Amino acid sequence: MSTIWRLGIIFILLLMGCSRGPQKQTEASSPSAGNENYPRLTAQAKELETALASKDYAKVIDLTHPKVIEIGGGREKLLAEMTNEMKSMEAEGVELLSSTSATPSQLIRDASGIYAVVPVTTRIKAKDGVFQTEGSLIGVSTDGGLNWTFVDATGKDQTELKKILPNLDQLNVPPERPPVKIAS
């Protein structure tokens with residue numbers, strides 16, 4: 001099942017460097033939950049889905065939070081690692097069938113930006129069947145909702161995520177769930 005977990009947590013490569021050392025953290029000012037409409041959040045989450053489906057890993061990196069890229073060693077290094085890992089998994093018979101984002105479940109604001117939890121359902125084909133995982137992305141906008149970058153929160157340790165998003169505890173990120181076999 002380790003192969004299933006590797007693909008189910010598609011952005012693990014993007015967070016590989018998170019344990020390389022602490023990042024500067026800032027205090028969040030009073031966030032407010034809200035139902036504001038940020039159409040670019042949904043559109044850019046869909047762009048991420050499309051990039052994954054079409055194996056456009058450069059676009060995936062473009063939509064990844066800048067701290068993740070920095071911690072991971074830079075754009076070119078992450079792009080090479082992601083491309084190689086995906087090729088390796090394909091060689092093992094693992095295939096990403098789909099990755100679909102749902103409507104953001106919550107939004108908060110603080111002095112550094114807007115944060116949203118975006119539920120994601122991923123379907124993976126492996127040698128022993130088709131599996132589905134339920135996870136979350138955290139969308140981040142520092143320009144009032146015009147542009148969004150994402151951090152994969154699926155299966156990540158909260159300490160690891162706080163190195164990227166110091167105010168993570170203000171978000172209600174759903175707990176990790178194991179992949180479920182949905183077909184043989």
Describe numerically, in nm with one decimal, the distance between label points set 7 Å from Cα along Cα→Cβ at GLU160 and at ASN37.
3.7 nm
Which value in nm describes the separation of the simple spin-label points at ALA183 and THR142, placed 7 Å from the Cα toward the beta carbon?
4.2 nm
Within the range 39-62, the residues whose backbone N lies under 14 Å from a label point placed 7 Å from the Cα of THR83 along the Cα-to-Cβ direction are 55-62
Which whole-Hz ³J(HN,Hα) couplings does the range 58-71 yield from phi under the Karplus relation 6.51 cos²θ - 1.76 cosθ + 1.60, θ = phi - 60°, glycine and proline marked x?
5, 5, 4, 5, 4, 9, 9, 4, x, 5, 5, 5, 4, 5
Residues whose built amide H sits under 5 Å from the amide H of VAL130, excluding neighbours closer than 5 in sequence, are ILE182, ALA183, SER184
Taking a cut-off of 19 Å between Cα atoms, list the lysines near LYS162, but don't count ones fewer than 8 places away on the same chain.
LYS24, LYS67
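Coordinate-derived values only; no laboratory data. Every value quoted in this text rests on a predicted model; they were computed, and no experiment measured them. So basically every Cβ, Gly included, is an ideal-geometry build from the backbone, and we count neighbours across all protein chains shown.
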